[in-house]
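*Asks:* Before I ask anything, let me first share the structure, which is written out below as structure tokens.
Values in this text are rule-based calculations from the coordinates and carry no lab data. Just so it is clear, the structure is predicted and the values come from calculations on it, not from any experiment. As a convention, Cβ positions derive from the backbone with ideal geometry for all residues, glycine included, and neighbour counts pool all protein chains shown.
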Amino acid sequence: MSIKRLKILTAVLAAATLAGCVNPERIGRTTTDDQYFWKRHYTVPIETSPQNLNNEASEPNVERALRCQDIFYLFGAYIRPGYRSKQIGEVMRGAKWLDEARLDPVGGLGGWVPIFAGRNDTMLVLYVFPDNRGVSDRSIYFSLSQFESRTVEEERRKVLAFFKGTLPDKGVRLREFALCYPQCKIERFTKRGVGLMVLHEDYRPATDNQQNKNDPKLSK
């Protein structure tokens, strides 16, 4: 075989190999992952139990900011990517606050979203205690694997059942989620770890540290 023919054959094989290995889903995940600063674990030292966090978050007479904070603590400290409905239900016992949340599907968007979802995943966003216009300054993006629904009404019913631990379909799992804070930062939770992204130029880690020191729900 001539050198020229060998080079052509090598090029063809390389192109075929690359074509077979390129995974659009992997490219999408890599692009999203690179936008975050990663750490292995959630580092806020929560001392309060899931039950107490749920109880306070479900109490309408408690200040809204505290209720929102309880929910973010609940997700950050006790919910893990890969959980099934039963596992999440053990964390969400008494989570009446779920009924006050606004739930929207995320699909067909041309803009950026803070999490990744594969081609067979379902992506949604939960708005925490929205106002009369349906707007909230705190939201939780999440993706579910092997989740199916035929209508918007069925989707909401099944998602709430998933978080309450009553969805019978054991194949549905929480793939990942992101806690979106007011104008400041995003914490994204995946099996890889916890990714941090700062969106506001006025954000300072020292502010978080000071708030943590004054929070009785956190260990000192």
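*Asks:* In terms of modelled amide H atoms, which long-range or inter-chain residues lie less than 5 Å from the amide H of Glu176?
*Replies:* For Glu176, whose amide H was placed from the backbone, the distant partners under 5 Å are Ser143.
*Asks:* Follow-up. Seen from all sides and averaged, what is the projected area of the convex hull of the Cα atoms in the stretch 36-213, in nm²?
*Replies:* 10.7 nm²
*Asks:* For Val125, what is the net charge nearby, where nearby means another residue's Cβ is under 10 Å from its Cβ and Lys, Arg count +1, Asp, Glu -1?
*Replies:* 0
*Asks:* Please order Trp112, Trp97, Trp38 by the number of other Cβ within 10 Å, starting at the fewest.
*Replies:* Final ranking by Cβ density, sparse to dense: Trp112, Trp38, Trp97.
*Asks:* Also, I was wondering about something else. Please identify the trypsin sites (Lys or Arg not before Pro) of the stretch 100-206 that satisfy two criteria: DSSP loop assignment and at most 15 other Cβ atoms within 10 Å. Which are they?
*Replies:* Sites meeting the loop and neighbour criteria: Arg119, Arg133, Arg150, Lys170, Lys191, Arg192.
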